[in-house]
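What follows is a short report on a single structure.
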Amino acid sequence: MKSKLIIGVLVSGSGSNLQSIIDNIEANRLEAAIGIVISNAADAYALERARKHGIETAVVDHRLYATRRAFEDVLIGTLREASVELVVMAGFMRVLSDHFLEAFPMR
């Protein structure tokens, strides 16, 4: 039996794109599981949407890090801790560098 792809979803706002992903997973139209939802904004409603579906959440506030690389290192570590295989940017409003893309290359 093929295991489901574990995705990590990066969000910054209301989470309408996240909700669509959740709906498609729950309707068995998408063979995946959301391992974690991460936002750079603690007040993002997307986090509440994730919690309502029992999905792990985390906040990684970019303003707390002196450099983009330091912020991305925490993102990468958080995604890896959740065993994420694919990262989906669903309304995430930060530009990610090659450093991040090397950790999670595009498929």
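The values are calculated or read from the model by the stated rules, or taken from the named source; none is laboratory data. Model, not experiment: these values are computed from the prediction. Glycine also receives a Cβ, built like all others from the backbone with ideal geometry; neighbour counts cover every protein chain displayed. These area figures cover heavy atoms from the full protein model, side chains too; ligands, DNA and RNA do not enter into them. Shrake-Rupley method; radii C 1.70, N 1.55, O 1.52, S 1.80 Å.
Some values worked out for this structure:
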| quantity | calculated |
| --- | --- |
| Residues in segment 65-107 reached by a label modelled at residue 43 [backbone nitrogen below 17 Å; 7 Å Cα→Cβ] | 93 |
| Estimated [θ] at 222 nm from DSSP helical runs (n ≥ 4, -39500 (n - 2.57)) normalised by residues in the chain, nearest 500 | -10500 deg cm²/dmol |
| Euclidean distance between Cα centres, segment 12-88 to segment 90-107, Å | 13 Å |
| Candidates 18, 79, 30, ranked by Gaussian network fluctuation over the chain, Cα under 10 Å, top entry | 30 |
| Of all accessible heavy-atom area on segment 3-107, the percent that carbon and sulfur account for (1.4 Å) | 50 percent |
| Calculated FRET efficiency for the pair residue 5/residue 69, C-beta based, R₀ 35 Å, to 0.05 | 0.80 |
| Angle in degrees between helix 16-26 and the longest Cα principal axis of the chain, rounded to the nearest 10 | 40 degrees |
| Principal axis box of the chain, alpha-carbon based, largest edge first, Å | 41, 30, 19 |
| Nearest-ten-degree value, helix 68-81 long axis tilted from longest Cα axis of the chain | 30 degrees |
| For segment 29-107: accessible area per residue (Å², 1.4 Å) | 60 Å² |
| Coil-residue GluC sites (Glu not before Pro) of segment 30-107, DSSP, other Cβ within 10 Å capped at 12 | 31 |
| DSSP bridge orientation in the chain - percent antiparallel, rounded to nearest 5 | 0 percent |
